[in-house]
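The structure appears right after this line, and notes come after that.
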Amino acid sequence: MIFSFVFSFILILLITFLAVGVSGGSLLYILDLPSFAGVLLIFAISIILSGYGKVFCSIFSSHKKFAAFDFQQLKKADEALDFSIKLLFYSAILVPVLILIYTLSNASKSEYFFSHLGLNCAVLLLSLLYLSLLEMILITAKAKIRKSSVLFMAEDFQQNDSKQDSKQKADVKSVFKNITGFVLLAAVFTAYGFFSGVYSWGSGNVIFAIIDLPSIMIQIFFVLPLIAISGNFSILFKGLKSAFCGIKIDLKSKNLFQNALKSAMSLNWCSCFATVICSAVCILGDLSDFSKLSANLAVGFIPFFYVACVNLVLLFAEIKVCKAAL
């Protein structure tokens, strides 16, 4: 697990630098050692006070030690990561709330605070950026542990899985039904745009407004490698195939597919928040030209649209997987 942690950390660091570069900002915008140290310190103390400190540290051991974990150890490790994700959230929220209160209470007292309001708000968001990045590491580790737990209970899954793939065929009716459903959803979305007047705002086209290749690439670079590091890459696509082709699966396959789909959805949201916050920090760090503010904010929020669409598909897949279990 220590190698998975190192790979995840390096990958997330590189993609974050890429996201900042694409947003037109400087790396100095996202470097705030006091905030980062504060989040880590509060999180570490919280983990120790929870009594899961030793278990949490054992998760990031060598591959050999992790492979020797029994089911009870895997269960405790899963619980430790589950609680650590919640503890990290509250630890990271405390710092920006303090900065927000201080900034707003002093903004009207002097011209200095008002002139630096954008930079102070950017610092406010950095703790949330660190939260998103660290959460992705924990979610990746949790996905790996849950996969190991399922396989521990079913050591013969690999053999059974190959037999099932050769025997089971896609349900043509189910495939047609799913395609029809997504076409209808797209049609309703388009009709809503025309009838509500969304497409008539300005002279531009909303389709071109939501197309942003860098945002798409950053989301892909964040999520897919982390899914691969967790060992759920092939399982994720098998789950999608099973869901939309109407293939019946057993309970073990259901648990594996659910773990991969839920992990992908969680990573999507975390990577989305990280990308949006990187854009927001870069925008707030330079408010010299207010004429570009609305356009920059519009581009910054595009990842929310992509993640909502992708996670809607993954949620449908999870529902289908649950219903398809034998």
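Identify, from the list Gly285, Gly246, the residue that is touching a helix residue (DSSP H, G or I) at 6+ places or on another chain (Cβ under 7 Å) and either under 28 Å from Val172 (Cα atoms) or open to solvent by 70 Å² or more (accessible area, probe 1.4 Å) (or both). Residue meeting the stated conditions: Gly246. Per the listing Leu28, Leu18, Leu41, Leu74, the residue uniquely of a type outside the set (S, T, N, Q) and under 22 Å from the mean Cα position of the chain (by Cα) is Leu18.
Exactly one residue out of Ser253, Ser279 is of a type in the set (Gly, Ala, Ser) and more than 22 Å from the chain's Cα centre (by Cα), and it is Ser253. With respect to the stated conditions, Asp212 fails to be among the charged types (D, E, K, R) and modelled with pLDDT under 80. Could you tell me whether Phe222 is open to solvent by less than 10 Å² (accessible area, probe 1.4 Å), assigned to a helix (DSSP H, G or I) and among the aromatic types (Phe, Trp, Tyr)? Against the criterion (open to solvent by less than 10 Å² (accessible area, probe 1.4 Å), assigned to a helix (DSSP H, G or I) and among the aromatic types (Phe, Trp, Tyr)), Phe222 qualifies. For region 48-57, a residue qualifies if it is without any contact (Cβ under 8 Å) to a residue 24 or more places away in the chain and either touching a helix residue (DSSP H, G or I) at 6+ places or on another chain (Cβ under 7 Å) or not in a helix (DSSP H, G or I) (or both), and the qualifying residues are Gly51, Gly53. Counting only helices (runs of 4 or more DSSP H) that sit wholly inside region 234-326, those with at least 1 residues that are touching a strand residue (DSSP E or B) at 6+ places or on another chain (Cβ under 8 Å) are 251-285, 302-324.
Scan region 66-81 for residues that are exposed (fewer than 12 other Cβ atoms within 10 Å of the Cβ) and either out of contact with any Phe, Trp or Tyr (no Cβ under 9 Å at 6 or more places or on another chain) or on the phi > 0 side of the Ramachandran plot (or both) and the total you get is 3.
The values are calculated or read from the model by the stated rules, or taken from the named source; none is laboratory data. Just so it is clear, the model here is predicted, and its values are computed rather than measured. Please note: Cβ atoms are built from the backbone with ideal geometry, for glycine as well, and neighbour counts cover all protein chains shown. To get the accessible areas, we keep the full protein, side chains included, count just its heavy atoms, and leave off ligands, DNA and RNA. Shrake-Rupley method; radii C 1.70, N 1.55, O 1.52, S 1.80 Å.
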